[in-house]
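Novice: Here's a structure for you.
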Amino acid sequence: SKLAALFEHPLYNIPIPEVTEKDKLFIVNPTEKFSLRSSGSDEWVSSSKAETLLPTGKTAYDTYPTWLKFHVGINRYELYPRRDPLLPTLLRDLATQRIISSVQKSGGTQLKLIMTFPNYGQALFKPMKQTRDQETPIDFFYFSDFERHNAEIAAFHLDRILDFRRIPPVSGRLVNITKEIRDITTDKKLAKTFFISPAGNVCFYGECSYYCSTEHALCGKPDRLEGSMAALLPDKTLAKRRSWRSPWRRSYHKSKKAEWELNPNYCAQVRETPPYDRGHRLLDLIDMTILDFLMGNMDRHHYETFEKFGNDTFLLHLDNGRGFGTHSRDEPSILAPLQQCCSIKKSTYLRLQLLATRPYRLSDLLREALAADPLAPVLAEPHLRALDRRLGKVLAAVGHCLAR
């Protein structure tokens, strides 16, 4: 396994700083036991109300479902640890747990569903809209592109291979539209959009601002539909997140350009603007830029952080569905922050150099990681080969900066 060898490499074993209580997203009461309410309400109760005692030798933490252990493990430095024993179980839960509720997630330009499991875990479901071998048409603007379920799956694994670990775990899943969405939804607006197509397939389209219409309906075969299931982050009422507008955000206009596209010295003013004027925030943003360039994702207008950790924490790389749309061409403008600032974390640069060597070739590692997904093959081969080409371009951009 090339992947196992990669994670054994010294560059993937650089220790993170010691995690103190103030560095944890949640402070856990060691006596608090997880127990499900029999009433069916969406809450778990603490040991003060729990009726049963813990078995000998078990701690309260052992009673937590995997999704809750994932939430409890989040800290200032990482969303999940490198050698996370929970990861395989969490991915399996996302792919196999029984779905007891499906409702549409509000907001956004395209249809997404929130799925709930019997243990109160929840996942964000993005349905399949594009086949593996389709490319985004060359005349499409980035803001009118489809969101791809397989891009969400591949982005999670790529983020992990780069050792960022800033994307919540994602698994592919084959969903039965009839039994796992239509028959169990309590969402009246969503329920009104189901129909049977002329070909006899079950279809629905939901309500949203862009691709929610009969012409853009999602249809099963006859009721089986592929999608990505992403583990949800803790509810914002429990762990507030702050949304930051990216300084290199695109104009989202057909003819206007953003300031960074017109001003080659744009980075100088970013460096003087909080929170980029101190700490590692700018370097974290450049990490995200590199991830986006490798995927071909032009749609990074915002990013988020957990409010509790202030400015000194990692960036969450959420919403990656517009990645992996094209393999035959690259988008150099995504690398603007790296090229204009000529800055990169040393650890990131060393890992990128490693991923360009034959024993640890990036395309081989991602191919191996994705082979275990229930929807494998997740990416068409040309997308995997494009990664190696793009990695070469990132290293060339750093080389150009070093030469200057």
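Novice: Using 0.36 nm per residue, how much length does the chain from C342 to D312 gain when fully extended, once their Cα-Cα distance is taken away?
Specialist: 8.7 nm
Novice: Also, I was wondering about something else. Output needed for region 241-403: three equivalent-ellipsoid semi-axes, defined as square roots of 5 times the C-alpha gyration tensor eigenvalues, in descending order, whole Å.
Specialist: Semi-axes, largest first: 26, 18, 18 Å.
Novice: Another question, then. Here are some pairs, K2/K221; K33/K236; K22/K346; K33/K346; K192/K240; K24/K393; which of them have Cα atoms lying more than 31 Å apart in this structure?
Specialist: Result: K2/K221; K33/K346; K192/K240; K24/K393 exceed 31 Å.
Novice: Also, quick follow-up: Defining a contact as two alpha carbons under 8 Å apart and six or more residues distant in sequence, what relative contact order in percent does region 150-220 show?
Specialist: 20 percent
Novice: Further question on the same structure: With each label point set 7 Å from Cα along the Cα-Cβ vector, what nm distance links F195 and Y210?
Specialist: Placing both labels 7 Å along Cα→Cβ, they lie 2.3 nm apart.
Novice: Okay, which of region 121-138 sit inside 19 Å, backbone N to the point 7 Å along the Cα-Cβ direction of F26?
Specialist: 121-124
Novice: Here is a follow-up. Scanning the chain for chymotrypsin sites (Phe, Trp or Tyr not before Pro) in DSSP loops with at most 14 other Cβ atoms within 10 Å, what's the longest stretch left with none?
Specialist: Value returned for the longest uninterrupted segment is 253-404.
Novice: Determine Rg/Rh for region 65-143; Rg is computed over alpha-carbon atoms and Rh is the Kirkwood hydrodynamic estimate from the same atoms.
Specialist: Rounded to two decimals, Rg over Rh is 1.06.
Novice: List the lysines whose Cα sits under 25 Å from the Cα of K254, skipping any in the same chain fewer than 8 residues away.
Specialist: Leaving aside lysines fewer than 8 places away in the same chain, those within reach of K254 are K129.
Novice: Next question, about the same structure. Taking only protein heavy atoms into account and a 1.4 Å probe, give the accessible area per residue of the chain in Å².
Specialist: For the chain, the solvent-accessible area averages 47 Å² per residue.
Novice: Just from its helices, what would the mean residue ellipticity at 222 nm be for the chain, if runs of 4 or more DSSP H residues each count -39500 (n - 2.57) and the sum is divided by every residue, rounded to the nearest 500 deg cm²/dmol?
Specialist: Rounded to the nearest 500, the figure is -8000 deg cm²/dmol.
Novice: Could I ask something else about it? Keeping the other protein chains in place, figure out the carbon and sulfur percent of the accessible area of the chain, with a 1.4 Å probe.
Specialist: So the carbon and sulfur contribution to the accessible surface is 53 percent.
Novice: Taking the Kirkwood radius as the inverse of the mean 1/r across Cα pairs, report the Rg/Rh of region 62-231.
Specialist: Rg/Rh: 0.98.
The values are calculated or read from the model by the stated rules, or taken from the named source; none is laboratory data. Since this is a predicted model, take the numbers as computed values, not measurements. Note that each Cβ is placed from the backbone with ideal geometry, even for glycine, and that neighbours are counted across all protein chains shown. Calculation scope for accessible area: heavy atoms of the full protein, side chains included, ligands and nucleic acids excluded. Shrake-Rupley method; radii C 1.70, N 1.55, O 1.52, S 1.80 Å.
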